[in-house]
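See structure below.
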Amino acid sequence: MLQKRNALSKSAISRRSKLIQKIIIGSSQFRNAFAIGAYFAVGSEVKTDNIIMETLRNKKILLLPRIEGEEILFYQILCTKNQLAKGRFGLIEPSPSLSSHALQKIDLLLVPGIAFDHNGYRLGHGRGYYDRFMAKKQFDFSIGLAFSFQILNHTIPHTPVDQKLDCVATEKTMLLCQREQIS
């Protein structure tokens, strides 16, 4: 799946990402959210630049993750020009000069990934940063960002520590994830 995503041209990534971002920005989840937890895309991930700019333009709180040890912490960003730096794994993150992370709850959390299923499970890069953060329940609603071919027709193998997303947005639709039946 990662090879297929990495094989996309820069123009295809840009075009598809713009469609996904348009769906997110037009969603009630985005419109009703005050604090948005986003990410700066790296490589062939779904880009989020339009979402980030729209969040700032609408005077919403923009929160971006920074890896600290084995955790990710979200920091409020007021301007993307001087508050970001290249961090661990080459990710664009809030600068270490920002001294305090956001303590408020995130209304809408946007999550990257390599593959997603219809139940809300995702395959990330295997380090568990988002799963550990999501387990703390410091957000109201989560959306995975994916190109349509990243949605699998079978369930991704998961363990009790793997956290489920509420939905996944692709360039075609917003897929509400199914909840497993409890008997």
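Numerical summary
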read-out: Residue within segment 85-100 that is aromatic (Phe, Trp, Tyr), modelled with pLDDT of 85 or more and under 20 Å from ARG127 (Cα atoms) present; value: no
read-out: Considering residues of segment 138-161 that are more than 15 Å from the chain's Cα centre (by Cα) and not β-branched (Val, Ile, Thr) only, the residue nearest to LEU19 (Cα to Cα); value: SER148
read-out: Residue in segment 7-28 that is among the basic types (Lys, Arg), without any contact (Cβ under 8 Å) to a residue 60 or more places away in the chain, under 20 Å from PHE139 (Cβ atoms) and surrounded by 13 or more Cβ atoms within 10 Å (Cβ to Cβ) present; value: no
read-out: Matching helices (runs of 4 or more DSSP H) fully within segment 1-95 where at least 2 residues are under 14 Å from ALA146 (Cα atoms) and aliphatic (A, V, I, L, M); value: 10-25
read-out: Within segment 124-159, considering residues that are among the hydroxyl-bearing types (Ser, Thr, Tyr) and more than 18 Å from LEU63 (Cβ to Cβ), the one surrounded by the most Cβ atoms within 10 Å (Cβ to Cβ); value: SER148
read-out: Residues within segment 48-62 that are buried (at least 20 other Cβ atoms within 10 Å of the Cβ) and in contact (Cβ under 8 Å) with a residue 24 or more places away in the chain, tallied; value: 4
read-out: Filter pass, LEU176 being at negative phi and free of Cβ contacts under 8 Å to residues at least 12 places away in the same chain; value: yes
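The values are calculated or read from the model by the stated rules, or taken from the named source; none is laboratory data. Just so it is clear, the structure is predicted and the values come from calculations on it, not from any experiment. No Cβ is skipped: glycine too gets one built from the backbone with ideal geometry, and neighbour counts run over all protein chains shown.
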